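The values are calculated or read from the model by the stated rules, or taken from the named source; none is laboratory data. Just so you know, these numbers come straight off a predicted model, no measurement behind them. Note: ideal-geometry Cβ built from the backbone for every residue, glycine included; neighbour counts use all protein chains shown.
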Number of protein chains: 2
Amino acid sequence: MKKINLGLIGFGNIGCGVVKILQQRRLLLAQKIGVEIVIKKICDKDITRKRDVHVDKNLLTRDVNEIINDPQIDIAVELMGGISPAKEFILAALKKGKHIVTANKALLAECGNELFREAAERGKNIYFEASVGAGIPIIKSIKEGLVANKFSRIFGIVNGTSNYVLTQMSKEGCSFANAINAAKIKGFAENDPTLDIEGIDSAHKLVLLTYLAYGRIVNVKDIFIEGISQISAADIAYAKELGYAIKLLAIAKKKADELEVRVHPTLLPVNHLLSSVDGVFNAIYVSGDLAGNLMFYGPGAGQLPAASAVVSDIVDLTQDIKAGLFRPTLNSIEDSSIKSLRKIDEFENKYYIRIAAVDKPGVLAKVSGILAKFGISIASVTQKEKLKAQVVPVVMVTHEVKEKNLRNALRMIDRLKDIKQKSIAIRIEDI
Amino acid sequence: MKKINLGLIGFGNIGCGVVKILQQRRLLLAQKIGVEIVIKKICDKDITRKRDVHVDKNLLTRDVNEIINDPQIDIAVELMGGISPAKEFILAALKKGKHIVTANKALLAECGNELFREAAERGKNIYFEASVGAGIPIIKSIKEGLVANKFSRIFGIVNGTSNYVLTQMSKEGCSFANAINAAKIKGFAENDPTLDIEGIDSAHKLVLLTYLAYGRIVNVKDIFIEGISQISAADIAYAKELGYAIKLLAIAKKKADELEVRVHPTLLPVNHLLSSVDGVFNAIYVSGDLAGNLMFYGPGAGQLPAASAVVSDIVDLTQDIKAGLFRPTLNSIEDSSIKSLRKIDEFENKYYIRIAAVDKPGVLAKVSGILAKFGISIASVTQKEKLKAQVVPVVMVTHEVKEKNLRNALRMIDRLKDIKQKSIAIRIEDI
C-alpha cells in the first residue's frame with residue numbers, strides 16, 4: 001500500500017489528538033483511502049513533557065528542518081499556532097514541495113494572501129478545516145458541497161468562549177464578570193480571554209469564511225469588531241422580553257456591489273435556530289442562492305473535534321497526492337461583482353437602544369426629538385422599572401437606520417444633562 | 001480546458017435545475033475546477049413539454065441508449081426516480097464505464113448493494129448527495145469531513161412533508177387532516193402523500209445514512225417504520241405541556257454490538273435543536289466519537305437545493321475522472337463490531353402514553369397494576385380535562401422500558417372495559 005508521510009509541527013493539545021486518531025484509526029483509514037498515513041516526524045520545542053499519547057522517541061525533534069528538509073515528507077501539519085515562526089515554517093515547507101494542513105486561523109487571516117499565493121505558485125494545497133468550527137466540516141461544505149452556490153450572507157457563532165459567557169448570562173441572569181469567571185473555572189476561557197471576548201478570534205474566522213464565500217482575504221483591520229464585554233445582564237433580560245437573544249455574531253453580507261464584514265453582539269429573534277445555539281457550541285448559518293439557508297452546528301473547540309478536522313484534511317491531501325490533484329482554486333475565485341467593503345458608517349441596521357434617563361417630564365420628548373432629527377424612527381419604546389433613585393432605563397427598538405446617524409444621535413443624547421450614563425446600542429438582525 | 005461530458009437521464013424538475021445551474025455557473029465552475037462540464041445528451045420520455053429552462057433541441061432524446069452507448073459520456077446523471085427502469089439504466093451505464101450521480105434514494109435503499117457492488121467491480125463511483133437532505137452536504141460531511149469518526153447514532157428529520165404537517169399541527173393546533181390539506185395547497189405534499197407521511201421516504205434515507213455511518217445497506221423491511229397519521233393535536237399539546245416537541249425521526253443507533261434502525265414519531269425535549277427545526281426543513285444530528293454532536297440543517301427538498309447537490313457530485317466526479325480516482329470504499333467499510341440488527345421487541349425507550357379512561361374510581365389503579373406487572377415504572381401521570389362525558393385522557397411518561405413489555409401491557413390495558421379507545425404510545429428520546 002502506498003505510504004504518505006507527514007511531519008507534525010507543534011505537539012500540543014491538538015497535535016496529540018491528531019496522533020491519537022492516526023494511531024487508533026490507522027487500519028480504518030487505510031481501508032477507506034487505500035493509503036497508509038505515516039507520521040514521520042514530530043517537532044516541538046518541548047519534546048520531554050509527558051503527553052496523553054505515546055509516540056516513539058525517535059519521531060520527536062526540536063529542529064523543524066528535519067521536517068522541512070525531508071523530501072520523503074509530503075504533508076506538513078502546522079499546529080503550533082501564532083503568526084511567527086509558524087508562517088516562516090509553512091512558507092519553507094511549501095518551497096520544499098509539501099502540502100500544508102493547518103488549524104491556524106490567526107495566521108491565515110493575517111497572512112492568507114501571501115500563503116495561498118505561495119502555495120498556488122508551487123502547485124500545493126493548503127487545507128484548514130480545523131480553523132473554523134473545529135470538527136464541523138464547514139469549510140469543505142462551502143468549498144465543495146456548495147461549490148455552485150453564490151452566497152448572500154454567512155452568519156456565525158464561531159467563538160465558543162463568548163457564546164458560553166452569553167449563555168451563562170442569559171440562563172443564570174449573572175453579570176459578565178461572573179460569567180467569565182465561570183468560563184475560566186470550566187476551562188472554557190483562557191486566563192486572558194481578550195481575543196475571544198473582544199471578537200478578535202471571531203474576526204479571524206470571519207476572514208476565512210469570507211474568503212471561501214467571496215474569494216477574497218479581507219484585512220482584519222477592515223472588519224468592524226465589537227466584543228461582548230459591554231453586554232449587561234439587564235440588556236440580555238430586556239432583549240428576551242422583546243423576543244430576542246443576544247449572540248456574538250461574525251457576519252459577512254453582500255449588499256449590491258458591497259461586502260459588509262463585521263463582528264458584534266447581535267439581537268436575534270429567539271425563534272431563529274442560531275438563538276438556540278448555547279454554551280461552547282458553534283454554528284454557521286449560510287445562505288446559498290441554490291441550496292437555500294443552511295446551518296452547520298457542533299462543538300467549536302476541543303482536542304478531538306479539531307483533530308478530527310485535521311485528519312479529514314490529511315485524508316483529502318492523500319487523495320490529492322495520489323492523483324496529482326492541485327486544487328487551490330476551489331477556494332479562491334474572487335466575486336468580481338464586489339466593488340468594495342462597506343464602511344461602518346454606511347451599515348444599516350435595526351437597533352436596540354437603552355438609555356438611562358432621569359425620571360422627569362420632558363426627557364423622553366427631548367430624546368425622541370433628537371432621534372427624529374437624524375431620521376431615526378422608533379418601532380417600540382418601553383420604560384423599565386427604576387433601577388436607582390430617579391434614573392429609569394428606557395429601551396427602544398428602531399427601524400432600519402444608518403450607523404452614522406445612530407452614532408451621531410446617541411452622542412447628542414448622551415450630552416443631555418438628564419441622561420446619566422452612556423447609552424447602549426446593540427444591532428438587531430431579523431433573519 | 002479538459003471537457004467532461006455528461007448524460008442526463010430524466011428531465012423533470014431537478015433535471016431542469018441541474019441544467020439551469022450548469023448553464024448559469026458554467027464559467028464559475030470552469031474557473032474553480034479547471035474542467036468544462038458539458039451536457040451532451042438529455043433523455044426523457046417527454047421531450048416536447050415546455051420547461052423552465054432552454055436547451056438545444058439536438059440534446060434531447062427519448063432513447064436512453066444514446067447516453068449509455070456514447071463512449072464520450074463520462075458521467076450518467078440519473079434523475080428520473082423510481083426503481084425500474086432507473087436501476088437497469090444505471091447498471092447499463094456502469095457496465096459501459098460511466099460514473100453515476102443519482103438523487104434516487106428509493107432505488108439506492110432497495111438495490112444499493114447490487115449497484116455499489118457493480119460500481120466497485122467496474123472501478124466507478126456512485127455519488128448521491130441529493131438523495132438525503134437535498135442541498136445539505138450531509139453525505140459528503142459524513143463520508144469525508146468526518147472520515148475518521150465512529151458514530152454512536154444518527155438522528156434526522158429527513159422528510160419535509162411530514163415535518164411541515166407536524167409543525168402546522170403544533171403551531172395552529174389543527175388536526176392531522178387539516179394540516180395535510182394545508183401542505184397539499186402549499187405544494188409541500190403530493191396528492192397521495194403516503195410515502196412521506198407513513199415514514200417510507202424517511203426509511204429510504206435512513207438506509208443511506210446507516211450505510212455511510214456503519215458501512216452496511218440495511219434491508220428496508222428490517223427497519224421499524226411508523227408514520228405520523230396517528231398523531232393527534234391533543235398529543236402534540238400534551239407533549240408540549242411536558243416540555244416536548246413531536247418530530248418524525250429517522251434513527252440509527254449503535255448499542256453494544258447491535259444496530260437499531262427505526263423511523264417513528266418521537267417526543268424530543270423542546271430545548272433540543274432538532275425541536276426547533278420547523279416546516280419543510282430537514283436536519284440531521286450526528287454523534288461522532290471525535291467531532292462530537294453535530295447538526296446539519298437546511299431545506300429538505302426543492303428544485304435548486306437538490307440540483308445544487310447534484311452539481312457538487314458532478315464536480316467531485318470531474319476531479320476523480322481527471323485524476324483517475326476511484327473511491328467507493330470511502331463509503332463502505334463495514335463496522336464489523338455490529339453483529340446484528342436489534343429487533344423491535346428489544347428496543348428500550350421512555351414512552352409517552354395516553355389512555356382514554358372512564359372517569360371512575362379504581363381505573364387508574366388497574367392500569368398502574370398492569371404496568372407494574374410488566375415492570376414498567378412511571379415517571380409522571382397527569383389526568384387531563386374531560387373530553388367527552390365520562391372519558392378522561394390520562395397521560396403518562398414511563399422510564400425506560402422494553403418495547404415488548406410496553407406493547408403487552410398496552411394490549412392488556414386496552415382490554416379493560418373502562419378503557420374506551422386504543423391507547424396511544426409515542427417513544428421519547430431524551431437526547
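One residue is enough: does segment B:132-149 have a residue meeting the conditions in the same structural domain as B:L206 (by TED's automatic domain parsing) and more than 23 Å from the chain's Cα centre (by Cα)?
Checked segment B:132-149: at least one residue is in the same structural domain as B:L206 (by TED's automatic domain parsing) and more than 23 Å from the chain's Cα centre (by Cα).
Go through (1) over 17 Å from B:G215 (Cβ atoms); (2) not in a loop (DSSP other than H, G, I, E, B) and name the single condition B:A134 misses.
Here B:A134 clears every test but (2).
Look at A:T167 and say whether it is in contact (Cβ under 8 Å) with a residue 60 or more places away in the chain, polar (S, T, N, Q) and either crowded, with 17+ Cβ neighbours inside 10 Å or not assigned by TED's automatic domain parsing to the domain that holds A:K253 (or both).
yes
Could you list, in sequence order, all residues of segment A:242-271 that are surrounded by fewer than 22 Cβ atoms within 10 Å (Cβ to Cβ) and among the polar types (S, T, N, Q)?
A:N271
Does at least one position in segment B:186-201 carry a residue that is surrounded by fewer than 20 Cβ atoms within 10 Å (Cβ to Cβ), among the acidic types (D, E) and assigned to a helix (DSSP H, G or I)?
Within segment B:186-201, not a single residue is surrounded by fewer than 20 Cβ atoms within 10 Å (Cβ to Cβ), among the acidic types (D, E) and assigned to a helix (DSSP H, G or I).
Out of A:V395, A:V311, I need the residue that is within 14 Å of chain B (Cβ to nearest Cβ), among the aliphatic types (A, V, I, L, M) and either within 27 Å of the chain's Cα centre (by Cα) or buried (at least 20 other Cβ atoms within 10 Å of the Cβ) (or both). Which one? First the steps, then the outcome.
Working: A:V395 fails: within 14 Å of chain B (Cβ to nearest Cβ).
A:V311 is the lone residue from the list that is within 14 Å of chain B (Cβ to nearest Cβ), among the aliphatic types (A, V, I, L, M) and either within 27 Å of the chain's Cα centre (by Cα) or buried (at least 20 other Cβ atoms within 10 Å of the Cβ) (or both).
Which is in a helix (DSSP H, G or I), closer than 17 Å to A:H204 by Cβ and among the small types (G, A, S), of A:A119, A:A109?
Exactly one of A:A119, A:A109 is in a helix (DSSP H, G or I), closer than 17 Å to A:H204 by Cβ and among the small types (G, A, S), namely A:A109.
Does segment B:1-35 hold any residues that are closer than 21 Å to A:G123 by Cα and more than 14 Å from chain A (Cβ to nearest Cβ), and which are they?
Correct list: empty.
Hey, can you tell me all the residues within segment A:145-184 that are more than 30 Å from B:Q24 (Cβ to Cβ), within 14 Å of another protein chain (Cβ to nearest Cβ) and of a type in the set (G, A, S)?
Scanning segment A:145-184 gives A:G160, A:S170.
Could you grab me the full set of residues in segment B:398-422 that are surrounded by 19 or more Cβ atoms within 10 Å (Cβ to Cβ) and in contact (Cβ under 8 Å) with a residue 40 or more places away in the chain?
B:T398, B:V401, B:E403, B:L406, B:L410, B:I413, B:I419
Quick one: which strands (runs of 3 or more DSSP E) sit completely within segment A:1-101 and have at least 1 residues that are modelled with pLDDT of 95 or more and either over 21 Å from A:T318 (Cα atoms) or touching an Asp or Glu at 6+ places or on another chain (Cβ under 6 Å) (or both)?
A:2-9, A:35-43
For segment A:156-176, state whether one or more residues are part of a loop (DSSP other than H, G, I, E, B) and under 20 Å from A:S131 (Cα atoms).
Looking for residues that are part of a loop (DSSP other than H, G, I, E, B) and under 20 Å from A:S131 (Cα atoms), one finds at least one in segment A:156-176, hence yes.
Within segment A:242-299, which strands (runs of 3 or more DSSP E) (wholly inside it) include 2 or more residues that are among the aliphatic types (A, V, I, L, M) and within 14 Å of chain B (Cβ to nearest Cβ)?
So the answer is A:281-288, A:292-299.
I need a count of the residues in segment B:206-223 that are part of a helix (DSSP H, G or I) and surrounded by fewer than 21 Cβ atoms within 10 Å (Cβ to Cβ).
Count: 3.
Looking at the structure I just gave you, is A:V401 modelled with pLDDT under 95 and either in contact with a Lys or Arg (Cβ under 6 Å, 6 or more places away or on another chain) or among the hydrophobic types (A, V, I, L, M, F, W, C) (or both)?
Criteria not met by A:V401.
Are any residues in segment B:398-431 under 35 Å from the mean Cα position of the chain (by Cα) and of a type in the set (A, V, I, L, M), and if so, which ones?
Selection gives B:V401, B:L406, B:A409, B:L410, B:M412, B:I413, B:I424, B:A425, B:I426, B:I428, B:I431.
Of everything in segment B:36-45 that's more than 11 Å from chain A (Cβ to nearest Cβ) and in contact with a helix residue (DSSP H, G or I) (Cβ under 9 Å, 6 or more places away or on another chain), which residue is farthest from B:V77 (Cα to Cα)? Break it down stepwise before answering.
Taking segment B:36-45 first, the residues more than 11 Å from chain A (Cβ to nearest Cβ) are B:36, B:38-45.
Filter once more, so that each one left must be in contact with a helix residue (DSSP H, G or I) (Cβ under 9 Å, 6 or more places away or on another chain): B:36, B:38-44.
On the way: B:E36: 16, B:V38: 12, B:I39: 10, B:K40: 11, B:K41: 10, B:I42: 9, B:C43: 10, B:D44: 12 Å.
Ranking the candidates gives B:E36 first.
Tell me, please, whether a residue that is more than 14 Å from the chain's Cα centre (by Cα) and of a type outside the set (V, I, T) can be found in segment B:193-206.
yes
Among the numbered conditions (1) in contact with a strand residue (DSSP E or B) (Cβ under 7 Å, 6 or more places away or on another chain); (2) within 14 Å of chain A (Cβ to nearest Cβ), tell me where B:V64 comes up short.
Checking B:V64 against (1) in contact with a strand residue (DSSP E or B) (Cβ under 7 Å, 6 or more places away or on another chain); (2) within 14 Å of chain A (Cβ to nearest Cβ), the one that fails is (2).
Got a sec? Which of B:K240, B:K186, B:K221, B:K253 is outside the structural domain of B:T382 (by TED's automatic domain parsing), basic (K, R) and touching a Lys or Arg at 6+ places or on another chain (Cβ under 8 Å)?
Result of the check over B:K240, B:K186, B:K221, B:K253: B:K253.
Can you tell me which condition A:D235 does not meet? The list is (1) of a type outside the set (S, T, N, Q); (2) closer than 22 Å to A:F128 by Cα; (3) in contact (Cβ under 8 Å) with a residue 60 or more places away in the chain, and all the others hold.
Evaluating A:D235 over (1) of a type outside the set (S, T, N, Q); (2) closer than 22 Å to A:F128 by Cα; (3) in contact (Cβ under 8 Å) with a residue 60 or more places away in the chain leaves (2) as the failure.
Taking segment B:37-66 on its own, how many of its residues are surrounded by fewer than 16 Cβ atoms within 10 Å (Cβ to Cβ) and among the charged types (D, E, K, R)?
Of the residues in that region, 9 qualify.
Report, by residue number, each residue of segment A:47-63 that is under 19 Å from A:G7 (Cβ atoms) and touching a residue at least 24 places away in the same chain (Cβ under 8 Å).
A:I47, A:R51, A:V53, A:V55, A:L60, listed by residue number.
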